[in-house]
Amino acid sequence: MQPNHKYVRLGSAGRLFLGTSRKTRILSVSALFLAACAFGAIGVAPLAPDASDLPVKSIEQQIALPGLSQQIAALEESAPQYFMREEKVRSGDTLATLLGRLGINDAAAAQFIKSDSTARSVMQLHAGKNVQAQTTDDGRLQWLRTTVVSGRDNPVKSLVIARDGDNFKAAEETAAVEMRVEMRSGLINSSLFAATDSADVPDPIASQMVDMFSTDIDFASDLRKGDRFNVVYETYWQNGEFVRTGRVLAGEFVNNGHTYQSVWFQEPGSKQGGGYYGFDGKSLKKAFLKSPLEFSRLSSGFSMRRHPILNQWRQHKGVDFAAPTGTPIRASGDGVLDFAGSQNGYGNFIVIKHWNNYSTAYGHMSRIAPGMRKGTKVSQGDVIGYVGSTGWATGPHLHYEFRINNVALDPMSVNIPNAQPMTTAQLQQFRRVTGNIMHRFALMQQQHSPIKLASAE
């Protein structure tokens, strides 16, 4: 026989079993009372409806916060929006077009850049240079920043133009840059610069290569198809952007079967400038350059010839290098100007006195370089004038003389000594440098094609 069961409900707390005995009912009622108290009930409502069975009524109420929209508007008004933009300088850019792409609509800023001597550097940027700027939402300039390069051996600087109240200020700051060592190899098919372009060697590096080997190779007449080169050089970067090239650290040139090698060496801790040396430690800087012009052709040698104007046989006491008018003329060695001016058939003429009774002479210049006068000190490679046809000349060329005790000798055959060799201590440091360079050259020879190796320093 099944017992008679009864159930009661307590909200949604569940069902409590009540037995048939009186004792059981008393205990159950007590438990029910305690449970009701625990849930905050006032009493027990037998057979109360289950809350889960009741319909759900949704109550929505909007809470208004007076003045909130006004507070947001005031906050936006007190905190203007700023915009950052970055653009590359394009070929043919003017200041107006550059500022326009940067979102700058600020006549006062444009006028400041035009008038301030430091800020004007913005107008001299080369194509490809990055420029960053911050403006307000209406185009007022807050600041503008870019990188300026003033020379190969000078530190890289950042130009910063910033708003200062209603005015502006401009300053150059030394920029943090990364120096990388890169290397390239190439093959000569026509000219040096064609080969360096094919190997992605920057033009300033190619020009340094000419300077490195100009005492042994005339790059206008000595090059042969099949000549090859290896070069290791510095490049400088800022925030992943190429800034400028640095120094050639080492070069190797094979010309007509002859190998010429050069490595830059500066003794660690030395305040004196370094120089280029052969891998045997001997300085490559000779007393005089083989040619005072970077690119030219020998049009008349040191010999007897019929004078082109006087039509008489005379000793030609120098050599003539044919080159376009305006080609820079370099001092072939260190010395002091003994004469600078016009002299008879030489036209615009310079004489440089060197040591040990050596002197060199340069004639027919179109003009003498600024600052060149008697007593001026010059270093090998300094530009002293420009090719022309002044004096007794039938076309633009440089007349170049090499003299010992004022007696003209053939500059193409004079035995020129090298500079002073290294000390024993310097040679030990030097061998550590050349060991690294020779390893790099070996890598390039294994590749048999132009390669790049970069390392940060």
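The values are calculated or read from the model by the stated rules, or taken from the named source; none is laboratory data. Bear in mind the structure is a predicted one, so any value in this text is a computation, not a measurement. When we count neighbours, we look across all protein chains shown, and the Cβ atoms used for this are built from the backbone with ideal geometry, even at glycine. For accessibility, only protein heavy atoms count, side chains too; no ligands or nucleic acids. Shrake-Rupley method; radii C 1.70, N 1.55, O 1.52, S 1.80 Å.
Filter the cross-link list Lys282/Lys374; Lys129/Lys286; Lys88/Lys225; Lys225/Lys377; Lys282/Lys353; Lys157/Lys286 down to pairs whose alpha-carbon distance in this structure exceeds 29 Å. Walk me through the intermediate numbers first.
On the way: Lys282/Lys374 33 Å; Lys129/Lys286 39 Å; Lys88/Lys225 39 Å; Lys225/Lys377 40 Å; Lys282/Lys353 25 Å; Lys157/Lys286 35 Å.
Correct reply: Lys282/Lys374; Lys129/Lys286; Lys88/Lys225; Lys225/Lys377; Lys157/Lys286.
Using only protein heavy atoms and a 1.4 Å probe, report how much of His397 is accessible, in Å² to the nearest 10.
Rounded to the nearest 10, the figure is 30 Å².
Quick one: what are the phi-derived ³J(HN,Hα) couplings along the range 397-405, Karplus 6.51/-1.76/1.60 with θ = phi - 60°, whole Hz, x for glycine and proline?
Couplings: 6, 9, 8, 10, 10, 10, 10, 10, 6 Hz.
Figure the gain on full extension for Lys317 and Ser191 (residue separation times 0.36 nm, minus the Cα-Cα span) and round it to one decimal in nm.
My answer for the length gained is 42.3 nm.
Quick one: pull the percentage of alpha-carbon pairs in the range 133-266 with a separation above 25 Å.
Across the range 133-266, Cα pairs with separations above 25 Å total 44 percent.
Accessible area per residue, 1.4 Å probe, Å², for the range 147-204: what's the number?
Dividing the accessible area of the range 147-204 by its residue count gives 51 Å².
For Asp137, Asp93, give me the order by solvent-accessible area with a 1.4 Å probe, most accessible first, ignoring ligands, DNA and RNA.
Asp137, Asp93
What does the net charge come to around Val148 if you take all other residues with beta carbon closer than 12 Å to its beta carbon, with K and R at +1 and D and E at -1?
Around Val148, the charge tally is +3.
Using only Cα atoms, figure out Rg for the range 96-148 and give it as a multiple of 2.2 N^0.38 Å.
Taking the Cα Rg and dividing by 2.2 N^0.38 Å, one obtains 1.06.
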